[in-house]
Each structure stands twice: as structure tokens, then as C-alpha cells.
1. Can you tally the net charge around B:Lys114? Count Lys and Arg as +1, Asp and Glu as -1, for every other residue whose Cβ sits under 15 Å from the Cβ of B:Lys114.
2. So if a site counts as exposed when it's one of the GluC sites (Glu not before Pro), its DSSP state isn't H, G, I, E or B, and it has at most 15 other Cβ atoms within 10 Å, what's the longest stretch of chain B without one?
3. Assigning unit charges at the beta carbon (Lys, Arg +1; Asp, Glu -1) and nothing else, what dipole magnitude in debye, to the nearest 20, does segment A:224-346 show about its Cα centre?
4. Let me test this: with uniform point scatterers at the alpha carbons of segment B:46-156, what is the Debye-based log₁₀ I(q)/I(0) at q = 0.10, 0.14, 0.19, 0.20 1/Å?
5. Could you work out the Kirkwood radius for segment A:313-361, taking every pair of different alpha carbons, averaging 1/r and inverting it, reported in Å?
6. Rounded to a whole number, what is D in µm²/s for segment A:230-361 from Stokes-Einstein with the Kirkwood radius over alpha-carbon pairs (20 °C, 1.002 mPa s)?
7. Over the whole of A:29-42, what's the average partner chain Cβ count within 10 Å per residue? Rounded to a whole number, please.
8. Of B:Val183, B:Gly129, B:His70, whose Cα points farthest to the positive end of the dipole of the protein assembly as shown (charges on the beta-carbon: +1 Lys, Arg; -1 Asp, Glu; origin at the Cα centre)?
Amino acid sequence: MAHGKQKKTKEKKIWKSFTESDYKESVSNLVHFSAKTINSNTPAFGIRLGKMDRKNLPFVSVSTMDPATVPYDYEKNAGSTATILAQVAAVQENRLEDFDAVPPQDMIVIRDALKLLHDSYETTCSFVGMRLRQVIVQEADGRDITLTPLQSSGFSKLLEDRLGEEKEAIPDNPYRRRGFLGIGGANPQNVGRHVRAMNRPLWFSAPHENKAIRKAIAIHYKGVPLNIPQSLLHDFHQWRQAILDQHKGLMPSDLELRSQEESKLRAMVDCVLSKANKASAMLEKYRSTLPGEKLVSGNLPPVQQGLLDCSLRDSDWRRKFAKEFHERLLDSRIYVKGDWRFLGIGEVESTRWIRIIEGFL
Amino acid sequence: MSQYIVIPRLDVRNANAQPAWWMIGPPPVTAYLGFAHALARAIGVDNHDGIAIIHHDIQFLGEQYGSFLHPHQFRAASFIDKDDYSSKNAHVLSSQPTVRCHLNISVVIRFEDKSVFGISDAIPFLRRGRIAGGTIIDHGKPDYSPATGEISDVAKAVGSGFSIVNRQDLMVKTEIDRDMLDVLLRLTRPGANKTEGHNWILPTSLGYVEISTCRQRRNVRGDFPHAYAEPLVGLIQYQSIRDAGLHFWRYQRPTPNTFIASTQ
């Protein structure tokens, strides 16, 4: 029969004796903010907020909370600092069962020393550590002043406790997004007592941009251009020029030439329609993100609307598209021998193209 | 009447992604206020009259596994002396790790109509300028809107994106809240029943409060008076610019030792 593992009882720590002045000195140097959490080699510097320093502001900060509720930390770990603070914290938080044989006299000394925490404290230092950040802001009269933001490991500890309470109160709540940092490296206690609590900051993201959706929205509002590729225009121009040169500037009209002309027009129309259909497919894919879930904006001209929304391609649209395409062709220019030129097509001779183009659609 | 400089599509690399030490998120509003002030000085104006930030995209530098982000832990090296390195391990920097992000934003900076400046002066500044400690590697063509222009035309010049809107109106203690931390945790709890319009609400640093006396100290930039401070964290919301329009942020001083970014 299997037996369950026996629970290991936590070994009690041995209480170390310190003098009254040791306790008073350590407690008086306890801080809310420490510079070592920014750079572990910066000169030790810390600030403790007193009861009177509390601010009534609608923001989250140590200054806007009861300072006695924010755990204290040491400004640097030297000698017996960590041991003394562990014992002080045990008395303050009433966790004396973690230790064996706590001398009553020590408890009296510690409780008396804790009264020092009601007052504010700042490490005596006439200079700012070179490795600390400095931010320049302006006073109301425009003068510049410099601020060095400090960090509080005690606040991070308090935050962890509150998140633990939240998890207990609502066990089914989705996990909060968190990050992982290695503050203090392998020995965070050298930076501060509560520095391990700083290693899992909360993570809040912001919107991401989907470039494809952005392109779809741009097409929704701006439509697609009716540009005809230069290669096809060149080809058409060269074909026409060759025939005009052969027939002394006159364009003959026989079945074969009309057939070739139609095939070149069709290639140009198909190119434009192909681009429009691709754009339309993209709009359809992202329809749910488009304004009003409509493929095209109502402010676009009818020809553009029909290009992108096939359901709008009625006989009226076909006529309008053919006319606009015809005008686009007349206005097109090609680059020939270092110069931009029009195709040299007359409106009279090209009017029948409108009917031809309409027939392609 | 006001005049505006519009700088579209700033591409920023390695910007600070820790508005406060206990959170990872987009750069704080205070960073943009610093940028606006630096740009104002560069074009010969004493100060700006507000900056509107339009967010487009962000990429946190790290690996994401479900709800967890393992950031690429950047440690800035001071390169001053041997103390740049840990006393225990000569190969490890003593600077504690930070989180960075790449950012794509547009900004609109407002100036009083009596300010005189040339928009061309902004371009050399942008070549070497920084936002939240990140490098500006690219940007759209800066545009200028005169005092006679309409704010709606300025917003159109930006195009699409998310305006950063002040939501301090939500930071109100109820009887179940012990302090503002409880308020903030309640409003940002995942899975909470969100009332309509509460998407993309997140905390960020909206200012500083001095926690020491402001006096002359050595090693201070510009030899200015110096104070230690802590960030004041409040709530903002990302709202589509088409719905929210432009919201201009500037510092206010409700008490002598606080600097608060506000849109009022």
C-alpha cells in the first residue's frame, strides 16, 4: 500500500542577538526607495516616506498610499543588515513562530525602534550617482529642474501580495500577463530584501497594426488607380506607329487589323480588371474590419465602386468604365527617345473603342 | 488659435518599455512630453502647448509564451569605470535589466500662434532625436499647419491610428478599494466584465512626484536643481483617432512638488 509523503516541517531559524543600537541603526536606515535596484554598483542611496508625506492624488504610487503598508527594504546589504531586518520584519509582521526562543527584550527593543519608521529619511549624499537616470522637466515659471526617478522593491512586494489576494478571491480568473526580469541576477538579496518581487512586472500591451488591414482600409477609401502599364502602352504605340508608317499616316481598317487592335485593348483592360479583382478579394477577406462592413466607401466615384464591388457592375457601370478607360488611354503618355509623348490618337477614330471595351466587360 | 507641427509615422527603435518598474508597457506619456519640449527648444521656441500622440504599432523585444513575456533584458552600459561591472563577476554589468520595444507613432505638437519657427529646423533634430530613449530611424515628412488651419485638417494629415486618451476619470475609489492600487487592479483585471468602450485601457506613468527636497546636487545634468522622484501611475486608453480625435497632453502643476501630464 502506498504511503503519502510526509510533509517536511519548516526548520525554525535561530534568533541572533544584536544590541539596541544595532537594531535602531538598521531600522532608522530602512527605506521605501533604493537606488541599488537601478544599478547595483551605484552608491547606496535610499528614501523613506513618513506618515506626513502621504499625497492625496488619484494615482498609484508609494506617495499616495499609507507608507506603513508598503514594506521597507535596506539601502544596501552590508554585514548583518539582512539578518537584522529579517528579525525586525518577523516582529513587525507577527511571524515569531519562524524563529526559536525569541528573547522578550529584543522584541521590546525592536518595537521601540519601529517608531522611527513614522519619520521620513533620506541617505545623506550631496551628489547624484552617475549611473542613475535623470529626467529634465520644467517648473511653472519655465525653469528647468532635474528629477531622478527611484524604484521601490517594497511596493513590488505589496503588489505581489495584492495579486495573490486577487487570485484567491477569483480562482477562475484568467492569468494576468506578466514579464520575467533578472533583477539582482543570482543574488538579488544583495540589491534588496524584496527585489525578487520586482522580477515579475505586469505586462500591458497596446494595439498592433496589421499592414494588410491597413492596405484594405486605404483601398476602401481611395479605390484603385486606372493606370495602364507602360509596357502595354509602348507595345500599342509601336504597333500603331508601324502601321501608320506603312500607310502614309493613315490607319487602315480591315478585319485583321481590327482584331489585333481589339486584342491589344483587351490586354490593357484585363490588366486593370485583374488588379481591381485582387484588391476586391483583399477587401472581401477583411470585410469585417472595414467601415460599416462595406467593401467600398460611398464617397468613391461609381466607376471605382464597381471596380472593387463586382455586385455593382451593371450595364450603366460598364458604359461609364468604358468611357473613363477610353479617356485614360487618350491621356496616357509614353517615354520615347528621351521625351514623354501622347499616343497620338484622335478622339473621333477612337470613339468606337468605347463600344469595344464595353463588350469586354 | 494654435499652430501645429505634424510628424507622421515615427519609427522608433529600442524605446523604454517600462513606464514604471512594476510594469511593462508602451512608453509613458511623460517621455513624449520630454520629446516635445526638446523639439520646441531645437526650433527656437521656449515651450510647446501640448502634444498629441497617435499610436500605430508596437513590438516588445522579447519572446512571448502565452501570457508571459521573456524580454531581451537590455542593460545600458555606463562605461565610466570598473564599477560598471559586478564586483562578484567581472563579466556582468552592474546595471539592472530593462525592457525595450520598437514603436511606430505619429505626433502632433501644438504651439501658440505667436510662436515663430521654421519647420525645416525640426528635421536636423529628428535625425538625432530620441523618444523614450529609443532612436528615431525613420519618419514621414513633417508638416506644418498654420494658426488659421482647422484641427480636423490636422487630424486628417495623420490618417488612421489610436489616439492616447486620458482616462483618469475612471480612477475613483469605491468602498471596496483600500487605495488607488486596488482601483487600478480592478479596472485592468483580465476577464472582468468590461463595460462598452473599455477596451485598450492600460496604466502608464502620467507624471512624477518629488520625494526629496529640490536643491543643487553634484553630477546633475545642466547643473539644474535636482530632486528624487517617483512615477505617478494613472490610466490611459487607446481610442481610434476617427472617434476620439486628437488629445493634447501637457504638464500641469497641481501642487509645487508634482508634475502631472494631463489633457485638460
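Throughout, read-outs are computed from the coordinates displayed, never taken from laboratory work. Since the structure is predicted, the reported quantities are computational estimates derived from the model, not experimental observations. Don't worry about glycine lacking a Cβ; one is built from the backbone with ideal geometry, like all the others, and counts go over all protein chains shown.
1. Cβ neighbours under 15 Å give a net charge of -3.
2. B:1-149
3. 200 debye
4. Once normalised to I(0) and log-transformed, intensities are -0.51, -0.81, -1.09, -1.15.
5. 11.7 Å
6. 130 µm²/s
7. 4
8. B:His70
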